[in-house]
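Report on the structure given below.
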Amino acid sequence: DQQVKQNSPSLSVQEGRISILNCDYTNSMFDYFLWYKKYPAEGPTFLISISSIKDKNEDGRFTVFLNKSAKHLSLHIVPSQPGDSAVYFCAAAYNNNDMRFGAGTRLTVKP
Amino acid sequence: DAGITQSPRHKVTETGTPVTLRCHQTENHRYMYWYRQDPGHGLRLIHYSYGVKDTDKGEVSDGYSVSRSKTEDFLLTLESATSSQTSVYFCAISPGTSGGEETQYFGPGTRLLVL
């Protein structure tokens, strides 16, 4: 029962262009959403988060959008850089005890 | 980076043997978590702790036990390892002060192979 889904296993974009990573969730109880970035042989690193009371949160090149009615969130990276190449995990939570993760999207940014 | 270490970083063991993984934090965070990462599944919660000697089950707890005797250490034990427990295991921590909207910070992971 995957409550958080990332339907694109991989994404390839050109350096300087926008990367858009998508995530869908099914549990309407989720009220806090996060994106993590993971390099090979390392642990996931927190990237950006958004509360359910907002629809957008921006941090430098990274912006997360939340559409509660559609149960959908997305991560925009602009401009994309080769160092952004990694696996990105979407996560959703409604308390400290239950954070659910998507299966991840592998982003490749080509020079 | 949050001060989280995991040991060992790599382990190969045989089916039926007990295995203990250790997570150590220097942040004095209240919550600690154990996850496993498998292809196609992302990260799944095994067990978590909300204080010394306070633990509870996560999504995939069967075959695993945990203990937390000190704030800084959280142990994950596979009583009798099986090949299905071959995975990458991540420890995470969070402060436990924000009433729910908290970020979890992850350790570097332990790669476990059960033959």
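Please return the ranges of strands (runs of 3 or more DSSP E) entirely within region A:70-111 where 1 or more residues are touching a Cys at 6+ places or on another chain (Cβ under 6 Å) and modelled with pLDDT of 95 or more.
A:72-77, A:86-93
Please determine, by comparing only the residues of region A:32-47 that are more than 15 Å from the chain's Cα centre (by Cα) and within 9 Å of another protein chain (Cβ to nearest Cβ), which one is nearest to residue B:43 (Cα to Cα).
Result: A:43.
Specify the residue that is nearest to the other protein chains (Cβ to nearest Cβ); the eligible residues are those in region A:48-69 that are among the hydroxyl-bearing types (Ser, Thr, Tyr) and not in a strand (DSSP E or B).
Out of the qualifying residues, it is A:52.
Scan B:110, B:77 and give me the residue that is under 16 Å from the mean Cα position of the chain (by Cα) and buried (at least 19 other Cβ atoms within 10 Å of the Cβ).
Working: B:77 fails: buried (at least 19 other Cβ atoms within 10 Å of the Cβ).
That would be B:110, the only listed residue that is under 16 Å from the mean Cα position of the chain (by Cα) and buried (at least 19 other Cβ atoms within 10 Å of the Cβ).
Given the conditions (1) over 23 Å from residue A:90 (Cβ atoms); (2) within 14 Å of chain A (Cβ to nearest Cβ); (3) over 13 Å from the mean Cα position of the chain (by Cα); (4) free of Cβ contacts under 8 Å to residues at least 12 places away in the same chain, which single one is not true for residue B:62?
The single condition residue B:62 does not satisfy is (2).
Taking region B:80-105 as the search range and keeping residues that are buried (at least 20 other Cβ atoms within 10 Å of the Cβ), of a type outside the set (A, V, I, L, M) and in contact with an Asp or Glu (Cβ under 9 Å, 6 or more places away or on another chain), which one is farthest from residue A:38 (Cα to Cα)?
B:94
Just checking, how many residues over region B:41-57 are within 27 Å of residue A:5 (Cα to Cα) and more than 8 Å from chain A (Cβ to nearest Cβ)?
The total comes to 4.
Going residue by residue through region B:6-28, is there one that turns out to be on the phi > 0 side of the Ramachandran plot, within 14 Å of chain A (Cβ to nearest Cβ) and out of contact with any Phe, Trp or Tyr (no Cβ under 7 Å at 6 or more places or on another chain)?
Looking only at region B:6-28, we keep the residues that are on the phi > 0 side of the Ramachandran plot, and these are B:16, B:28.
Next cut, within 14 Å of chain A (Cβ to nearest Cβ) only: none.
No.
The values are calculated or read from the model by the stated rules, or taken from the named source; none is laboratory data. These numbers were taken from a predicted model, which means no experiment stands behind them. Using ideal geometry, Cβ is built from the backbone for each residue, glycine included, and neighbour counts are taken over all protein chains shown.
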